[in-house]
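Structure first, then comments.
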Amino acid sequence: MNNSLIHLEEPHDEGKVKTQEREASLVKTIEAIQRIKQSQDWSTLKTEIFDGLPSMLRKSLLSEAKKEDPNTNLLNRITGELKWAERFSDLEKLENTLRVELKAIRIRLYGKTE
């Protein structure tokens, strides 16, 4: 019996299982985003908190960067907050990003998009 074939197949199966788990996770997340977007609570949070957050952070980043001696730690923190705000304040954009990843995973797993 040639054991080398067994060892070559195991990592492939493990990778496939992890990919399938990621696929399931993405589906759950996309469904959750869809439910959240429809809620009145999200509408309130978006209006009160998230709508102006990225522009406010950009202004803070630009203001700090223009200083004669900018605080690099503060610049890094604001940059991280801006990336977070841009990603999570727009649920439509986040959902589309996750859908693209899901489509790529399904193509890899099944050779098709649906």
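Every number here is computed from the coordinates shown, using simple stated rules; none is lab data. Here the structure is a predicted model, which is why all the values come from computation and not from measurement. In this analysis, Cβ positions are derived from the backbone assuming ideal geometry, glycine residues included, and neighbour counts consider all displayed protein chains.
Observations on the structure shown:
- Here the stretch 4-110 is assigned +1 on the Cβ of each Lys and Arg and -1 on the Cβ of each Asp and Glu. Its dipole about the Cα centre then comes out at about 280 debye.
- FRET efficiency, 1/(1 + (r/R0)^6) with R0 35 Å, evaluated for ARG77 and ALA24 via beta carbons: 0.55
- Dipole magnitude of the stretch 24-74 about its Cα centre (Cβ charges: Lys, Arg +1; Asp, Glu -1), debye to nearest 20: 180 debye
- Count of Lys pairs (Cα-Cα under 16 Å; at least 8 positions apart or interchain) in the chain: 14
- Residues considered: LYS66, LYS93, LYS37. Largest GNM mean-square fluctuation over the chain, using C-alpha springs under 10 Å, is found at LYS66.
- Per-residue ellipticity at 222 nm from helix content only, as computed over the chain with -39500 (n - 2.57) for each DSSP H run of at least four residues, stands at -27000 deg cm²/dmol.
- Net charge in the neighbourhood of SER60 (other residues with Cβ under 12 Å of its Cβ; Lys, Arg +1, Asp, Glu -1) is +3.
- Karplus-derived HN-Hα couplings along the stretch 68-82 (A = 6.51, B = -1.76, C = 1.60, θ = phi - 60°), whole Hz, x at Gly and Pro: 4, 10, x, 7, 5, 5, 5, 4, 5, 5, 5, 4, x, 5, 5
- Placing pseudo-labels 7 Å out from each Cα toward the beta carbon at THR97 and ASP13 gives an inter-label distance of 3.5 nm.
- Spin-label model, PHE50 to TYR110: label points 7 Å out along the Cα-to-beta-carbon direction sit 2.8 nm apart.
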